[in-house]
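For reference, the structure is listed below as structure tokens.
Nothing in this text is a laboratory measurement; each read-out follows from the coordinates by a stated rule. Everything numeric in this text was worked out from a predicted model, so none of it was measured. Every residue, glycine as well, gets a Cβ built from its backbone with ideal geometry; the counts of neighbours run over all protein chains shown.
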Amino acid sequence: MQLTEGLEYRDGRLLFEEAALEDAADKFGTPLYLYSPELMLERYARLKADFRKLNALLCYAMKANSNLALLKELAWAGAGVEVVSGGELALALKARFKPSKILFSGVGKTRAEMRQALDARIQTFNVESHGEMDALEEEAARMGVKAPVSIRVNPDIDAGTHRNITTGKAENKFGLSIPDALAAYRRAARSWRLEPIGLHAHLGSQILSPEPYRRSAKVLAKMIAELEEDGHLVGQVDIGGGFGVPYGEGERLDTSEVAKAAASLSTPGRRVVVEPGRYLVAEAGILLTRVQYVKRTSDRTFVILDAGMNDLLRPALYGSVHPIVPDRLRPGRPEPLEFVGPICETSDTFGVFECAEPAPGDLFAILMAGAYGYSMSSQYNSRPRPAEALVEEGKLSLARKRETMADLV
Ligand code: LLP
């Protein structure tokens, strides 16, 4: 059984950052997301160290987990943030991220969102189309301000990840092709109401090899050279996020290699930005769930949990594997069991794991659930969303209340 950092069995019971999972489940009920801010901050510090030489700005992609308690910790630690909606921007400001460290990405920013971000004086709009740039220019003119823009390029690079989370191929909706991005940069430079500050590329998510980053850095370097030849200044280059983590038994992306790949882009006059989401929070969170029933069929044995695909969508949507471990080591021969949720969908399954047969009421932890867990949860099947709690040096505290039936109306 492979445990992630912060988890250990002591006297036969599973602890997360020194707190017994059973205590957390008793206190807040299940399903329950439980996060360790400290594990997240450790990851942040490690990544910062990898990129130290480049003096890079780390902007947390908060779509991975936008729990306000975690956001506040990262803001306090000095991180920047990448947002993709007015809602995320409002949360970023509430968490006290400095506006000078807020980036706004997304192919469909509304004019209201643009005004909200201009009003907040964010650092950069990562612009993804000519139409968006026109709209932003108009809104900036209406407000009598200048909009800082980075042009998102789609470098047509295959990041070797799941097709649903690939963003840097020509067939994807994201960014502008290299010639279009260059033209957009020049067009922004001619505008009274736009201020081009840099280039941006994001290739996809859960990337496990540094190679795509090397290729992307080459493309960006070439574009910068071309723009600078024309007398433009490129003060910032954002290589995106996408740093992969080892679900199941895979390897972790070597982020120091990514930093090396980006090193040539960093100069005294040019800042490198990275936008990690998953990397900071995936392993800092688990989902606690209790067994409802064990059902033996002629084909297999199902363990029916109280957490389902509405609470953690990743296995159903991407076929991703989140290891499931019992709270208590019990005697009995391990056998393959299929862990499923209560939702009326066949895709509501977390997969098959070897485990001694549990009993109803037994507690399990679904690992590496800190990224794209709660943030992608829904009320499907009219199930209120779960609660979120923090564990800090063994102490438990509630970070977001469980939704109630009233929230369904
Ligand atoms: N920057 C941009 C522009 C992005 O679109 C994303 C993620 C990130 C940064 C952060 O990527 P990360 O470092 O977390 O890989 N729901 C999917 C992942 C979707 C990622 C969307 N964009 C999943 O659960 O695997």
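Computed over the range 107-204, relative contact order equals 32 percent, with contacts defined as Cα pairs under 8 Å that lie 6+ residues apart. By the count of other C-beta atoms within 10 Å, a proxy for reagent exposure, Cys344, Cys355 are ordered fewest to most as Cys344, Cys355. Taking amide H atoms as placed 1.01 Å from N in the peptide plane, the amide H of Leu203 lies under 5 Å from those of Gly241, each 5 or more residues away in sequence or on another chain. Its relative contact order, with pairs defined as Cα atoms under 8 Å and 6+ residues apart, puts the chain at 20 percent. In the chain the longest region clear of GluC sites (Glu not before Pro) that are loop-assigned by DSSP and have at most 11 other C-beta atoms within 10 Å covers 1-170. When the Kirkwood radius is taken over all Cα pairs of the chain, what Stokes-Einstein diffusion coefficient follows at 4 °C and 1.567 mPa s, in µm²/s? So the translational diffusion coefficient is about 58 µm²/s. Shown here for the range 171-228: trypsin sites (Lys or Arg not before Pro) in loop regions (DSSP other than H, G, I, E, B) with at most 12 other Cβ atoms within 10 Å, namely Lys173. Result for the chain in a Gaussian network model with C-alpha springs under 10 Å: among Tyr293, Tyr185, Tyr279, the largest mean-square fluctuation is at Tyr293. If you plug the beta carbon distance of Phe302 and Arg252 into 1/(1 + (r/R0)^6) with R0 = 25 Å, you get a FRET efficiency near 0.20.
Centroid-to-centroid, using Cα positions, the range 295-344 and the range 163-232 are 41 Å apart. Remark: the Cα gyration tensor places the range 244-285 in the oblate category, a/c being 1.5 or greater and a/b not exceeding b/c. One equal scatterer on each Cα of the range 1-125, no solvent, Debye formula: the resulting log10 I(q)/I(0) at q = 0.10, 0.14 Å⁻¹ is -0.42, -0.72. The local environment of Ala25, defined by Cβ-Cβ distances under 11 Å, has a net charge of -4 under the rule Lys, Arg +1 and Asp, Glu -1. Listed from fewest to most Cβ neighbours within 10 Å, the set Asp230, Asp254 follows the order Asp230, Asp254.
Considering only Cα atoms, the convex hull volume of the range 123-167 works out to 93 Å³ per residue.
A simple rule links phi to the HN-Hα coupling: the Karplus curve 6.51 cos²θ - 1.76 cosθ + 1.60 with θ = phi - 60°, which for the range 223-236 gives 5, 4, 4, 5, 5, 6, 4, 7, x, 7, 9, 10, x, 8 Hz, with x for Gly and Pro. Computed as a quarter of the hull surface, the mean projected area of the alpha carbon convex hull for the range 1-63 stands at 6.2 nm².
Here the chain carries DSSP beta bridges of which approximately 50% are antiparallel, counting only pairs with both residues inside. Solvent-free Debye calculation, one equal scatterer per alpha-carbon of the range 147-189: log10 I(q)/I(0) at 0.15, 0.26, 0.31 Å⁻¹ equals -0.40, -0.84, -1.03.
With a ≥ b ≥ c taken as the square roots of the eigenvalues of the C-alpha gyration tensor of the range 282-399, please select rounded if a/c is under 1.5 and otherwise prolate if a/b is larger than b/c or oblate if it is not? Cα axes put the range 282-399 in the oblate bin. Modelled spin labels at Lys94 and Glu18, positioned 7 Å past Cα toward Cβ, are 3.0 nm from each other.
Please work out whether the range 99-198 counts as rounded, prolate or oblate from its C-alpha gyration tensor, where a ≥ b ≥ c are the square roots of the eigenvalues and a/c under 1.5 means rounded, while otherwise a/b larger than b/c means prolate and anything else oblate? Taking the square roots of the gyration eigenvalues as a ≥ b ≥ c, the range 99-198 is prolate. Once you divide the Cα radius of gyration of the range 228-305 by 2.2 N^0.38 Å, the number left is 1.93.
Of all the options Gly231, Gly198, Gly78, the one that moves most in a Gaussian network model of the chain with Cα springs shorter than 10 angstrom is Gly231.
Modelled spin labels at Ser209 and Ser177, positioned 7 Å past Cα toward Cβ, are 2.6 nm from each other.
Given q = 0.16, 0.18, 0.21 Å⁻¹, what are the Debye log10 I(q)/I(0) values for the range 164-311, with equal point scatterers placed on the Cα positions and solvent ignored? With one equal scatterer per Cα and no solvent, log10 I(q)/I(0) is -0.93, -1.09, -1.32. Across the range 254-266, coupling constants 3J(HN,Hα) worked out from phi with the 6.51/-1.76/1.60 Karplus curve, θ = phi - 60°, read 7, 6, 5, 6, 5, 4, 4, 4, 8, 4, 5, 7, 8 Hz, and Gly and Pro carry x. In this label model, Asp158 and Glu195 are separated by 4.2 nm, measuring between points 7 Å along each Cα→Cβ vector. Give the cross-link partners of Lys260 among the lysines, using a straight C-alpha distance below 19 Å as the criterion and excluding same-chain residues fewer than 8 apart. Correct list for Lys260: Lys48, Lys53, Lys218, Lys222.
By the compact-protein rule of thumb, 2.2 N^0.38 Å, the alpha-carbon radius of gyration of the range 81-152 corresponds to a ratio of 0.97.
The Cα-based radius of gyration of the range 265-321, divided by its Kirkwood radius, gives an Rg/Rh of 1.30. For the range 199-272, count the residues as N, evaluate 2.2 N^0.38 Å, and divide the Cα radius of gyration by that value, please. Compactness ratio reported: 1.21. Computed 3J(HN,Hα) for the range 283-294, one whole-Hz value per residue from the Karplus formula 6.51 cos²θ - 1.76 cosθ + 1.60 where θ = phi - 60°, is 7, 8, x, 10, 10, 8, 8, 9, 6, 8, 8, 10, glycine and proline marked x. Across the range 349-409, counting alpha-carbon atoms alone, Rg and Dmax equal 14.5, 40 Å. Taking 0.36 nm per residue of sequence separation and removing the Cα-Cα distance, the Val294/Ala263 pair yields an extension gain of 5.8 nm.
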